[in-house]
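A.B. asks: Mind having a look at this structure? Questions to follow.
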Amino acid sequence: MAKGRARRILIAGGGIGGLAAALALQRRGFEVVVFERADSLRDGGAGLHIWSNGVLALDHLGLADQVLEVAPVQHTAHFTTDRGDVLGAWPVGDFIERYGAPTIAVERSVLHGVLRDALEGSPLRTGAQVVSFDQDADGVTVHFADGGSERGDLLIGADGIHGAVRDCMFGPARNRFSGYIAWRGRAPMEHADIPPGTFNAIFGPGTRFTYYDVAPGLVHWMSVANGAPGGRDGAGVRDMLLRRHEGWAGPVADILRATPEEWILRGDVEGRKPEKQWGKGRVTLLGDAAHPITFNIGQGACQALEDALVLAEYLAEDDDSVGALRRYEEERRGRTGPLQNIAWMIGKMGAVKNPLLIKVREAFMRKNWNTRAFTAAEKDQVAYGLRWAKKDRAPVTGRAD
Ligand SMILES: Cc1cc2nc3c(=O)[nH]c(=O)nc-3n(C[C@H](O)[C@H](O)[C@H](O)COP(=O)(O)OP(=O)(O)OC[C@H]3O[C@@H](n4cnc5c(N)ncnc54)[C@H](O)[C@@H]3O)c2cc1C
């Protein structure tokens with residue numbers, strides 16, 4: 001494979017990872033083209049937590065203030081039982097002082113929109129499904145479902161957990177079903193029990209419920225329950241969820257009742273064990289395509305943002321672009337592998353159904369959640385973002401402060 005500096009970089013996938021990579025690479029002077037399978041960018045339907053490390057990455061791209069115009073700053077993460085007993089409370093608002101950037105909640109569509117609008121020119125091609133690629137000493141050619149093809153110097157597979165680019169390199173991915181399913185929705189509502197900037201996670205037997213505001217008057221929620229993959233909901237899904245969480249403490253029932261049924265999305269939760277290889281020659285992976293992280297630690301999108309910045313840094317600093325891809329992979333595998341594992345373990349803990357094991361879980365959380373778990377989350381997940389903290393930058397605080 002010939003050494004040399006890449007100029008034209010192809011990106012498969014226009015999710016948060018692909019868009020962030022495109023932007024970070026443009027900012028470093030590369031020409032990019034993003035190929036998105038869907039006819040339009042995925043526009044919402046769910047909320048995300050972007051921890052301070054992700055907000056620092058957004059700030060590095062010059063986008064944090066824009067996102068913060070809409071996205072509420074998070075002050076406290078509450079963890080309780082379905083009976084309303086407190087298991088822990090994390091003062092995530094303190095991150096502003098320690099990292100210069102808050103943890104926020106945001107609608108996925110807002111983040112997509114801000115990233116897309118920041119791109120220069122028109123690098124995004126929708127309705128372009130990558131099916132395969134081939135590469136030689138001088139470049140890489142991607143092939144599309146409609147028979148077309150495109151040539152570039154490098155290819156980044158940012159096409160998600162079921163991505164084609166990864167499978168083209170290494171064969172079918174060994175994705176694993178977590179054993180639980182997530183129903184997500186949005187409720188247009190204000191509620192006395194949902195103060196702005198609070199994340200709430202409620203743990204029940206084999207089921208969980210989380211909720212937080214993602215914009216003024218808009219509450220995002222998720223109901224998670226053990227079950228078999230591949231199921232579908234008909235009409236009456238909201239009533240089913242109301243029955244599942246009947247008698248739960250807090251505003252759970254009010255949130256579900258306020259949610260239009262057509263705003264409820266269902267998805268099997270999948271993950272993958274960390275993999276030893278992400279790339280070959282002129283091709284690499286980024287985001288969920290490389291390292292799917294189950295939602296349990298709220299880091300999947302944050303890591304995709306980090307990937308994008310690190311990849312752009314390595315490519316900009318090295319005249320050997322293929323070598324830069326391997327160095328990017330090495331650093332990011334070390335960062336994301338442990339997060340894949342810890343998210344999977346927390347998911348297992350959340351899925352516990354046996355009454356005895358629930359008692360053990362609750363005792364464990366009461367003892368460790370505010371201390372060891374919070375410290376570990378901050379040290380292992382958030383602190384990495386400090387590499388993008390700007391010394392002369394006033395703390396990013398946002399609308400809610
Ligand atoms: C229930 C749930 C809650 C979550 N909560 C959080 C959270 O709070 N915080 C957080 O940081 N993360 C969270 N995540 C994880 C986060 O959503 C993902 O990690 C993140 O979206 C990954 O972005 P991505 O761009 O890598 O992949 P994706 O979002 O999957 O985007 C991939 C894109 O590629 C396109 N594509 C696929 N195949 C092809 C192809 N062959 N050709 C062209 N395009 C293709 C797809 O249409 C899609 O647009 C959550 C995930 C789930 C499921």
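The values are calculated or read from the model by the stated rules, or taken from the named source; none is laboratory data. In this text, all values refer to a predicted model and were calculated from it rather than measured experimentally. Please note: Cβ atoms are built from the backbone with ideal geometry, for glycine as well, and neighbour counts cover all protein chains shown.
A.B. asks: Given (1) under 23 Å from the mean Cα position of the chain (by Cα); (2) over 24 Å from THR294 (Cβ atoms); (3) not small (Gly, Ala, Ser), identify the lone condition not met by VAL214.
C.D. replies: (2)
A.B. asks: Yes or no: GLY234 assigned to a loop (DSSP other than H, G, I, E, B), on the phi > 0 side of the Ramachandran plot and away from the ligand (no atom under 16 Å from the Cβ)? Spell out the reasoning first.
C.D. replies: Details: assigned to a loop (DSSP other than H, G, I, E, B): yes; on the phi > 0 side of the Ramachandran plot: no; away from the ligand (no atom under 16 Å from the Cβ): yes.
No.
A.B. asks: Can you find even one residue in the range 70-82 that is at pLDDT below 95, surrounded by 18 or more Cβ atoms within 10 Å (Cβ to Cβ) and out of contact with any Pro (no Cβ under 6 Å at 6 or more places or on another chain)? Don't jump to the end; show me each part of the working.
C.D. replies: First pass over the range 70-82, keeping only residues at pLDDT below 95: 70-72.
Those still in the list that are surrounded by 18 or more Cβ atoms within 10 Å (Cβ to Cβ) too: 70-72.
Subsequent filtering for residues that are out of contact with any Pro (no Cβ under 6 Å at 6 or more places or on another chain) retains 70-71.
Checking the range 70-82: at least one residue is at pLDDT below 95, surrounded by 18 or more Cβ atoms within 10 Å (Cβ to Cβ) and out of contact with any Pro (no Cβ under 6 Å at 6 or more places or on another chain).
A.B. asks: Answer with yes or no whether ASP85 is in contact with a helix residue (DSSP H, G or I) (Cβ under 8 Å, 6 or more places away or on another chain), among the charged types (D, E, K, R) and at pLDDT 95 or above. If you could, list the steps in order and put the result at the bottom.
C.D. replies: Working: in contact with a helix residue (DSSP H, G or I) (Cβ under 8 Å, 6 or more places away or on another chain): yes; among the charged types (D, E, K, R): yes; at pLDDT 95 or above: yes.
Spelling it out, ASP85 is indeed in contact with a helix residue (DSSP H, G or I) (Cβ under 8 Å, 6 or more places away or on another chain), among the charged types (D, E, K, R) and at pLDDT 95 or above.
A.B. asks: With outside any strand (DSSP E or B), of a type in the set (Gly, Ala, Ser) and outside the structural domain of ASP380 (by TED's automatic domain parsing) as the only criterion, which of ALA253, ALA301 stands out? Write out each step before concluding.
C.D. replies: Working: ALA253 fails: outside the structural domain of ASP380 (by TED's automatic domain parsing).
Among ALA253, ALA301, only ALA301 is outside any strand (DSSP E or B), of a type in the set (Gly, Ala, Ser) and outside the structural domain of ASP380 (by TED's automatic domain parsing).
A.B. asks: Within the bounds of the range 120-142, is there any residue that is within 30 Å of TRP388 (Cα to Cα) and free of Cβ contacts under 8 Å to residues at least 12 places away in the same chain?
C.D. replies: Checking the range 120-142: at least one residue is within 30 Å of TRP388 (Cα to Cα) and free of Cβ contacts under 8 Å to residues at least 12 places away in the same chain.
A.B. asks: Here's something else I'd like to know. Of ALA312, ALA235, ALA258, which residue is under 30 Å from ALA22 (Cβ atoms), small (Gly, Ala, Ser) and in contact (Cβ under 8 Å) with a residue 12 or more places away in the chain? Outline the logic, then answer.
C.D. replies: Working: ALA235 fails: under 30 Å from ALA22 (Cβ atoms); ALA258 fails: under 30 Å from ALA22 (Cβ atoms).
Being under 30 Å from ALA22 (Cβ atoms), small (Gly, Ala, Ser) and in contact (Cβ under 8 Å) with a residue 12 or more places away in the chain holds for just one of ALA312, ALA235, ALA258, which is ALA312.
A.B. asks: If GLU306 meets every condition in (1) among the acidic types (Asp, Glu); (2) within 24 Å of VAL382 (Cβ to Cβ); (3) over 25 Å from the mean Cα position of the chain (by Cα) apart from one, which number is that one?
C.D. replies: If we test GLU306 against (1) among the acidic types (Asp, Glu); (2) within 24 Å of VAL382 (Cβ to Cβ); (3) over 25 Å from the mean Cα position of the chain (by Cα), just (3) comes out false.
A.B. asks: For residues that are crowded, with 21+ Cβ neighbours inside 10 Å, among the hydrophobic types (A, V, I, L, M, F, W, C) and not in a helix (DSSP H, G or I), tally how many sit in the range 154-180.
C.D. replies: 4
A.B. asks: Are any of the residues in the range 224-243 assigned by TED's automatic domain parsing to the domain that holds ALA77 and crowded, with 23+ Cβ neighbours inside 10 Å?
C.D. replies: Here is the first cut: in the range 224-243, the residues assigned by TED's automatic domain parsing to the domain that holds ALA77 are 224-243.
Subsequent filtering for residues that are crowded, with 23+ Cβ neighbours inside 10 Å retains 224, 241.
Yes - at least one qualifying residue is present in the range 224-243.
A.B. asks: Taking ALA376, is it touching a residue at least 40 places away in the same chain (Cβ under 8 Å), in a helix (DSSP H, G or I), small (Gly, Ala, Ser) and not assigned by TED's automatic domain parsing to the domain that holds ALA301?
C.D. replies: No: the conditions fail for ALA376.
A.B. asks: Could I ask something else about it? Out of the range 262-289, which residues are surrounded by fewer than 14 Cβ atoms within 10 Å (Cβ to Cβ) and part of a helix (DSSP H, G or I)?
C.D. replies: Correct list: GLU262 only.
A.B. asks: Could you check, for the range 158-180, whether at least one of its residues is of a type in the set (Lys, Arg), within 9 Å of the ligand (Cβ to nearest atom), closer than 29 Å to ARG244 by Cα and under 24 Å from the mean Cα position of the chain (by Cα)?
C.D. replies: The first filter runs over the range 158-180 and keeps only residues of a type in the set (Lys, Arg), leaving 166, 174, 176.
So of that shortlist, the ones also within 9 Å of the ligand (Cβ to nearest atom) come out as none.
No: the range 158-180 contains no residue that is of a type in the set (Lys, Arg), within 9 Å of the ligand (Cβ to nearest atom), closer than 29 Å to ARG244 by Cα and under 24 Å from the mean Cα position of the chain (by Cα).
A.B. asks: If you scan the range 20-57, which residues turn out to be near the ligand (Cβ under 8 Å from one of its atoms) and within 30 Å of GLU261 (Cα to Cα)?
C.D. replies: The answer is GLU36, ARG37, ALA38, LEU41, ARG42, ALA46, GLY47, LEU48, HIS49, ILE50, TRP51.
A.B. asks: Can I ask one more? Among the numbered criteria (1) crowded, with 17+ Cβ neighbours inside 10 Å; (2) under 26 Å from ARG5 (Cβ atoms), which one does ARG151 miss?
C.D. replies: Every condition holds for ARG151 apart from (1).
A.B. asks: Sticking with this structure for a sec: Can you give me the number of residues within the range 89-125 that are on the phi < 0 side of the Ramachandran plot and over 21 Å from the mean Cα position of the chain (by Cα)? Let's see the steps before the verdict.
C.D. replies: Filtering the range 89-125 down to residues on the phi < 0 side of the Ramachandran plot leaves 89-99, 101-120, 122-125.
Next, from what is left, pick out any that are over 21 Å from the mean Cα position of the chain (by Cα): 89, 91, 94, 97-98, 120, 122-123, 125.
So the answer is 9.
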